[in-house]
Amino acid sequence: MILNNNGNIITVGVGDLKIAGSPKVIKTSLGSCVGVVLYDSIQKIGGMLHLMLPNCNGREGKPGKYADTGIPLLLDMMLNQAKARKNALSAKIFGGAKMFNVSSELFDIGRSNIAETQRLLEHFNIRIIASRLGGTKGHQITLDTETGIVQSKIFGEPVKEY
Amino acid sequence: MRIPKEHLKILDIIIKMSMDNASRSFSKTIKRAALIELVKTELVDISEITEEMNNDLREMVASMLRLEGSFNGKLLFMIPLDGALALQDFYMQQSSGTSKEFDEFTEGTVQEIGNILASSIGNSFASDLGSELLPTPPRVLCDFAGTIFTSLIFEDGINNDKILLTETKFSLHNTEIDCYFFLLPDLDSLKESLIKLEKSF
């Protein structure tokens, strides 16, 4: 977890979260994981979380792996480290594909990740202004902190902007 | 997750020997030299390794399977989409550039290479560790490099922030094609085999 000011492109790995001011690009690749993008449009500060699972359930390790520990941490970093303003924050969420070939909905991790992410953002009063979710293929997302635009590319499909 | 340095060294040696065998089998199959450019075995942080993989924006074809037996593990053979088409031409002994689109033959080729590499690794571990290892049928994936790699480490990454990973990079002689082979051994089940081997030195 770093406030990265070196280089213009910041890549986020699994279970990690990063924030940056303008002009920077933050990107990641998703499968069943969900990418949460928070953006302060006034101060042009962006943050991205790459979460793997909905709930921590007492597991130790990286808080960024789970929605219920990662989202509060991302919010805390945006507000207290980057000094973003809560009323200027909006969210965009991506990913949550069904990558594993199992029929049971119980094991549809992507769907559970999406549901928990939506619930938590609502809980923290962060408005979700755009999303591209589900499917069965991988997803590359890139946030431009200058504009707040997220370029989203699903495997085999053209790039879309959100 | 912890692994003693001595065990890491032993594993590194066995992996290097088995990748040597694997590259010979790979070369024979495609009738072209598959050169090992890099072999490394290390404990890696899941965020750092996936960050590295997420920097690779290429579309890849991969064959993923499990090794089951004396210890368990997962294997992944991954090649860029254009490389997979070239590999298909080599494998089917067609002139270069014949295969133009990903189809069931490309899928079959990548699946077969995955099988060959897995069997080769299994044989090496059988002779070096006395371990019986059998590969499961491979699953072929076509997706972004980062997404495929995350599928490999997902299960282990849930419970561990660090994973033991061996990475081998091959290049195909006289081509620009690079391909990757990852082995993700289950450390708990591997420990017993390594202790046995250490005692035999």
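Contact map, region A:128-157: first residue away from chain B (no Cβ under 12 Å), second residue of a type in the set (Asp, Glu) and exposed (fewer than 15 other Cβ atoms within 10 Å of the Cβ), Cβ cut-off under 6 Å, separation 6 or more or different chains; pairs are A:149/A:161. Do we find that residue A:87 is within 14 Å of chain B (Cβ to nearest Cβ), more than 17 Å from the chain's Cα centre (by Cα) and not acidic (Asp, Glu) in this structure? No.
Taking the conditions (1) over 23 Å from residue A:144 (Cβ atoms); (2) at pLDDT 95 or above in turn, residue A:32 satisfies each one other than (2). Residue pairs whose Cβ atoms lie under 8 Å apart, sitting 6 or more positions apart in sequence or on different chains, and linking a residue in region A:54-77 that is within 13 Å of another protein chain (Cβ to nearest Cβ) and touching a residue at least 60 places away in the same chain (Cβ under 8 Å) to a partner that is surrounded by fewer than 22 Cβ atoms within 10 Å (Cβ to Cβ) and not in a helix (DSSP H, G or I), are A:64/A:1. Among the residues of region B:153-162, not a single one is more than 16 Å from residue B:44 (Cβ to Cβ), loosely packed, with under 15 Cβ neighbours inside 10 Å and without any contact (Cβ under 8 Å) to a residue 24 or more places away in the chain.
Under the condition of being touching a Lys or Arg at 6+ places or on another chain (Cβ under 9 Å) and within 13 Å of residue A:82 (Cα to Cα), the residues counted in region A:18-45 number 8. Do you know which residues across region B:170-194 are surrounded by fewer than 20 Cβ atoms within 10 Å (Cβ to Cβ) and over 18 Å from residue B:65 (Cα atoms)? Hits for region B:170-194 are B:171, B:173, B:174, B:175, B:176, B:178, B:188, B:191, B:192.
Would you mind finding the one in B:133, B:187 that is of a type outside the set (Lys, Arg) and in contact with a helix residue (DSSP H, G or I) (Cβ under 7 Å, 6 or more places away or on another chain)?
Numbers: B:187 fails: in contact with a helix residue (DSSP H, G or I) (Cβ under 7 Å, 6 or more places away or on another chain).
When all the criteria are applied, what remains is B:133.
Residues in region B:97-152 that are small (Gly, Ala, Ser) and surrounded by 24 or more Cβ atoms within 10 Å (Cβ to Cβ) were compared, and the one that is farthest from the other protein chains (Cβ to nearest Cβ) is B:118.
The values are calculated or read from the model by the stated rules, or taken from the named source; none is laboratory data. What you see is a predicted model, and the numbers here were worked out from it, not measured in a lab. For neighbour counting, all protein chains shown are included, and Cβ atoms are generated from backbone atoms with ideal geometry for every residue, glycine included.
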